[in-house]
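Student: Below is one structure. I have some questions about it.
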């Protein structure tokens, strides 16, 4: 069960079997600082149907029984697997490289709206922003009900990790990313590749987690040991914190040591800059995190997961 029930939060994610999304959820649960009011799942790393099962499995491993999990957008607003085929070579295409399952009933958007209308709260968006964009389209007034939206996505002043210019979450649904960044949500915080690239770890951190007592240590060992980055195949491998840094920000914002207020948009022109972040001369402001105390972030990650 949850160690404590304090600040309510919503998590919108695209979890694989056990990846950075799952680790971020585990960090938030094990920190004891938050009450997760619900999890919504979006297509991204995997198709949303699979992500739904993975999110529930992660909660079950930690004996968390009171968190509703809702199926969200099963495809981006515009982007398709057929379009992605024309964009190759890509470093990572996520669900577009997987067989798409049969569509199921989506409940995430209505759940987000209903929950936020009952109580304003922080939303963590650690997958493509399709669910958030659709919720804003359906009920624009919920922008004012989001206390802060903390986003893992984008590459402002560094290269991308899907195509050369775009970070994966923004590349998977550029149209949704643009709509959310330009929205009336009063406080948006961007945890992009600008800071994620600063937090790399090696097998020592992996070993500390897999030899700990966490209930998910065996699946963590399998996924990070034999999947990316493959610590058990290559002891010199390096991994990076992505969604985990969103959890770290929420748990202790002081881990991040530099930020900048910027008006941002996202390139929707299909081509080599599809999904790339653009800095605008004016517009809705996003707080972009630029520097992080990497050792403190890694210590938090290791200690909460082991």
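Student: When 31, 254 are ordered from fewest to most other Cβ atoms inside 10 Å of their Cβ, what list results? Write down the numbers at each step before the final one.
Tutor: Details: 31 20, 254 8.
With the sparsest Cβ surroundings first, the list reads 254, 31.
Student: How many percent of DSSP beta bridges within the chain run antiparallel, rounded to 5?
Tutor: That works out to approximately 35 percent antiparallel.
Student: So, one more: Explain nothing, just the number: relative contact order of the chain, from Cα pairs under 8 Å at least 6 residues apart, as a whole percent. Don't skip to the answer; put the middle values down first.
Tutor: Working: 695 pairs, mean separation 59.3, N = 306.
Over the chain, the number comes to 19 percent.
Student: As an exercise, take the mean of 1/r over every pair of distinct alpha carbons in the chain, invert it, and state the Kirkwood radius in angstroms. Write out the running numbers ahead of the final one.
Tutor: On the way: mean 1/r = 0.0524 Å⁻¹.
So the Kirkwood estimate lands at 19.1 Å.
Student: Another question about this same structure. Using only the alpha carbons of region 22-82, determine the length spanned along each of the three principal axes and report them from longest to shortest in whole angstroms.
Tutor: Principal-axis extents of the Cα atoms in region 22-82, largest first: 42, 18, 18 Å.
Student: Per the Cauchy relation, a quarter of the hull surface: what is the mean projected area of the convex hull of the alpha carbons in region 1-108, in nm²?
Tutor: Spelled out: convex hull of the Cα atoms, projected over all directions, averaged, 7.1 nm².
Student: Cα centroid distance between region 158-232 and region 1-54, in Å?
Tutor: Computed from Cα coordinates, the inter-centre distance equals 14 Å.
Student: Would you please report the Å³ per residue occupied by the convex hull of the alpha carbon atoms in region 180-306?
Tutor: 136
Student: Ok, one more. Would you mind computing, in nm to one decimal, how far apart the modelled labels at residue 63 and residue 104 are, each placed 7 Å from Cα along Cα→Cβ?
Tutor: The modelled label-to-label distance comes out at 2.7 nm.
Student: Rg and Dmax in Å for region 82-233, alpha carbons only: what are they?
Tutor: Gyration radius and largest Cα-Cα distance of region 82-233: 18.0, 50 Å.
Student: Give me the distance in nm between label points sitting 7 Å out from Cα along the Cα-to-Cβ direction at residue 119 and residue 294, one decimal.
Tutor: Each label point lies 7 Å from its Cα, and together they span 3.9 nm.
Student: Hey, what number do you get for the chain at 222 nm if only DSSP H runs of n ≥ 4 count, each worth -39500 (n - 2.57), divided across all residues, to the nearest 500?
Tutor: Values: 12 runs with 109 residues, N = 306.
Here the helix-only value at 222 nm equals -10000 deg cm²/dmol.
Student: Moving on. Between residue 269 and residue 81, what FRET efficiency follows from the Cβ-Cβ distance if R0 is 22 Å, with the result rounded to 0.05?
Tutor: 0.70
Student: How would you rank 79, 70, going from fewest to most other Cβ atoms within 10 Å of each one's own Cβ?
Tutor: On the way: 79 24, 70 21.
Exposure proxy ranking, most exposed first: 70, 79.
Student: How do 255, 41, 266 line up, fewest other C-beta atoms within 10 Å first?
Tutor: 255, 266, 41
FYI, it's all coordinate maths here, none of it is from the lab. Since the model is a prediction, treat every value here as computed from it, not as a measurement. Heads up, the Cβs are rebuilt from the backbone with ideal geometry, glycines too, and the neighbour counts pull from every protein chain shown.
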